[in-house]
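Chemist: Right, I'll just put the structure down here and ask away after.
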Amino acid sequence: MIEWEHASTVAGRFEGVPEDHLVWRPVEPPVRGSDDDDHWFRAHFTADGPAPILVLGGLATVCDVFVDGTLVLRSESMFAAQRVPVAPGEHELHVCARALAPLLTRTGSPRARWRTKVASSGSLRWFRTSLYGRAEAFAPPPPVVGPWRPAVVLPKPHDAVVVRATLDGLDGVVSLHSDVAVGPLEVAIGGTTRELPAGGGTVAVRRPDLWWPHTHGTPRLHELAVRTMAGESRQQVGFRRISAGRDIDHDGLALRVNDVDVFVRGAIWTPVPPNQVRATLECARNGGMNMVRVVGTMRYEDSGFFDACDELGILVWQDLMFANMDYPFAEDGFRQLVDVELEQLCAEIGDRPSVAVVCGGSEVEQQAAMLGLAPEIARSEFFDRVVPARLEASGVDALYVPSAPTGGPRPFRNDRGVSHYFGVGAYLRPLEDARRADVRFAAECLAFANAPDREPDDRTEGVMRDAGAAWDFADVRDHYLAERYGVGPGDDRYWEWARLITGEVMADVFGEWRRAASANAGGLVLWLRDLVPGSGWGLLDADGRPKPAWYVLRRALAPIAVWFVDEGLNGLRVHVANDNPDRLDGSIRLALSRDDVVVEELQVDARVEPHSVHELDVEQTFGRFVDATYAYRFGAPQHDLVTATLTRGGEQLSQAFFYRSGFRLDVLDATELGLSVEVRDVNAERPSVLVSARRLVRGVRIAADGFAPEDDAFDLEPGGARAISLLRAAPGEAAPSVTVRALNLRDVLAW
């Protein structure tokens, strides 16, 4: 691996490599700098082997490459790796990332047919670079410059063997192909070894265990060993079948994996430090998510990202790096850059069981249509024919969507095709809009200013604002907080409520969409992890820690979950989801409570078939009219709270709470609530906290230095108790010091 040294220079300096003007320093992670300046990078490397190749994994954006003072390459795409033959021996490498701002002043033909406020400059459409760092509204400067991916030296050109794993009925088929003479291929997989001719061939695998998204089964991978004259390579392959359950352009994406309908839930992926990729994906998995979308405003991810998604059972929606702008595909030089980019992407994702969807880009069709242009103007030959043909020719086994959103008479119409849904959220629509809009699949949705665990320096820290909008997403959060609980920024407990409200609203929307009767097949929250500290869109903060909203939403996204949906005058419904491959044989306890006393309860069997959702009518289950939603309002309410608890063999699997409209909490001390805390197994690797209370406790928060609670931001029903495991954040032997707080607990309770 080549380690770089870096220093910025003034824009336009280009007289060899002026080392006497530079102050070198190690660079990790990739540099983020100004588009107004040149940036110089230096490294020394040794090239061994008969025909060494210098491989530059990624250079942002227009970069000149010098080996021993000689210009050997100009790279004009951030998204394409570069290969440079070098002689054996010691070498000095310099890269100059040219100031992009002067280049953006140049005009080109054809002129853009529409403009966008998303990018810092409309001229960025001519350059293959990321909007990350060049979109003030959500990814502000500075952008990435210079070497942003590893650079390595190979002893000789790499003779790649292309591998594809598919299913033929119940049997697996591994196809191998090589364009160069690597000699016979000895292939071993699943206890079978075969020798194939130099060009490749196929190997059958009898009834292999299938790869599943983790919510619906086990993401089973199989080790494939390939031996050639050049040596042996090993990789993991997965066998799965991907299909769409309906016409994507008209009816939206209904994903089927191995012929099973999969309700998709996940989030938009944002760039994270390389050593935190897997941990961030684990947070997505642990949060009940089964898909992440690599969105066209950001950048492509590397093999480590896809390895982790394959292993963790997380589906990937992969955008091409196009967003909002009118790209000049008819211009030869631009098209050549894009063709190389697409070829390299296909090589990376072609054998990935996790890659389920490839998309032309983000909001290209929507941007044109929202400016009043005919939607067809953004449907280019490149997106409609070139990309899907290249994917098919490369053997990429994934569904294709030309843009997101797309479909219907207008690409942003929610009840057709693939949408970006912000009715509940940015457009301040009531919860009922999540059903009224008839969203079929939301490739992007539910953007909120999710408050972090710490109290931000001010209400607007890290908060996103749409370009040109008079409001920001903290205003959106506060709208729903005031509407539901009558709480505003001036209230004493504003931040405690603000941390939970966004998770509650998102959970309610997913509850609407996940019902068996819903036409919705999934949604991806905008987004998974913040780029900067504060109340960003992320469910995780900028350091990768779950926010309270993550815990609240996780309960709605879990593979086994119970939740309520208010059907108004039609009563209250309980829904139970079982995404697992085995039948769920459990029970549901329904309880009606008033003034912290359970006034009526019953328990019924819950038998839920694999990969299905079961529904109960609360009043039908009780056998009489109880005005469960207090919609009829005949007299005083007979209960404040309805609780549904799903158990199996005495173990609580999931719990849901429904509060009648207008219900308000009294803030009390621990004695009045009957709240007690006990820390168990204090010296064990996984101690636990037992929290119990005589009365209702809302929004229980647990904190312990050096530990993370397995669950948090939960409610306790009257007379209820929860035992929460504590997970060590780092190895250590110190016993946890625990504090507990809650929305209706006056003081912090310490143990």
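Chemist: If you take the residues in the range 620-633 that are under 16 Å from Tyr659 (Cα atoms) and not β-branched (Val, Ile, Thr), which one is surrounded by the fewest Cβ atoms within 10 Å (Cβ to Cβ)?
Modeler: Applying the filter and picking the extreme gives Tyr632.
Chemist: Which one of Arg545, Arg514 is outside the structural domain of Thr647 (by TED's automatic domain parsing) and touching a Pro at 6+ places or on another chain (Cβ under 9 Å)?
Modeler: None of the others qualify; the one that does is Arg545.
Chemist: Within the range 565-575, can one find any residue that is out of contact with any strand residue (DSSP E or B) (no Cβ under 9 Å at 6 or more places or on another chain) and not hydroxyl-bearing (Ser, Thr, Tyr)?
Modeler: Yes, because at least one residue in the range 565-575 is out of contact with any strand residue (DSSP E or B) (no Cβ under 9 Å at 6 or more places or on another chain) and not hydroxyl-bearing (Ser, Thr, Tyr).
Chemist: If I ask for residues that are among the β-branched types (Val, Ile, Thr), surrounded by 14 or more Cβ atoms within 10 Å (Cβ to Cβ) and modelled with pLDDT of 95 or more, which ones from the range 212-245 would you list?
Modeler: Thr215, Val237, Ile242
Chemist: Here are the criteria: (1) in contact (Cβ under 8 Å) with a residue 60 or more places away in the chain; (2) surrounded by 20 or more Cβ atoms within 10 Å (Cβ to Cβ); (3) farther than 30 Å from Ile702 by Cβ. Tell me which single one His614 does not satisfy.
Modeler: Looking at each condition in turn, His614 falls short on (2).
Chemist: Sort out which residues of the range 143-157 are farther than 15 Å from Arg98 by Cα and part of a loop (DSSP other than H, G, I, E, B), and write them in order of number.
Modeler: If the condition is that a residue be farther than 15 Å from Arg98 by Cα and part of a loop (DSSP other than H, G, I, E, B), then Arg149, Pro150, Pro155, Lys156, Pro157 are the ones that fit.
Chemist: While we're looking at this one, here's another question. Where in the range 701-751 are there strands (runs of 3 or more DSSP E), lying wholly inside it, with at least 3 residues that are exposed (fewer than 15 other Cβ atoms within 10 Å of the Cβ)?
Modeler: Correct list: 721-728.
Chemist: Same structure, new question: Could you list, in sequence order, the residues of the range 665-688 that are among the hydroxyl-bearing types (Ser, Thr, Tyr) and either in a strand (DSSP E or B) or touching a Gly at 6+ places or on another chain (Cβ under 7 Å) (or both)?
Modeler: Ser676, Ser688
Chemist: In addition: So Phe329 clears everything in (1) surrounded by fewer than 21 Cβ atoms within 10 Å (Cβ to Cβ); (2) assigned to a helix (DSSP H, G or I) except one condition, right? Which one?
Modeler: Only one criterion is unmet by Phe329, namely (2).
Chemist: Kindly indicate whether Val677 is touching a residue at least 24 places away in the same chain (Cβ under 8 Å), among the hydrophobic types (A, V, I, L, M, F, W, C) and within 19 Å of Val642 (Cβ to Cβ).
Modeler: Against the criterion (touching a residue at least 24 places away in the same chain (Cβ under 8 Å), among the hydrophobic types (A, V, I, L, M, F, W, C) and within 19 Å of Val642 (Cβ to Cβ)), Val677 does not qualify.
Chemist: May I pose another question? Suppose we filter the range 158-183 for residues that are under 33 Å from the mean Cα position of the chain (by Cα), within 24 Å of Val205 (Cβ to Cβ) and assigned to a loop (DSSP other than H, G, I, E, B); how many remain?
Modeler: 4
Chemist: Step by step: first the residues of the range 459-477, then only those that are part of a helix (DSSP H, G or I) and without any contact (Cβ under 8 Å) to a residue 60 or more places away in the chain, then the one that is farthest from Val505 (Cα to Cα). Which residue is that?
Modeler: Going through the qualifying residues, I end up with Asp475.
Chemist: Another question, then. Starting from residues that are charged (D, E, K, R) and touching a residue at least 12 places away in the same chain (Cβ under 8 Å), keep the ones in the range 93-112 and report whichever is surrounded by the most Cβ atoms within 10 Å (Cβ to Cβ).
Modeler: Per the criteria, the residue is Arg98.
Chemist: Follow-up. Let me confirm something: among Ala267, Ala284, which residue is under 12 Å from the mean Cα position of the chain (by Cα), in a strand (DSSP E or B), among the small types (Gly, Ala, Ser) and farther than 19 Å from Arg149 by Cα?
Modeler: Ala267
The values are calculated or read from the model by the stated rules, or taken from the named source; none is laboratory data. Quick caveat: nothing in here was measured; it's all calculated off a predicted structure. Cβ: placed from backbone, ideal geometry, glycine included. Neighbour counts: every protein chain shown.
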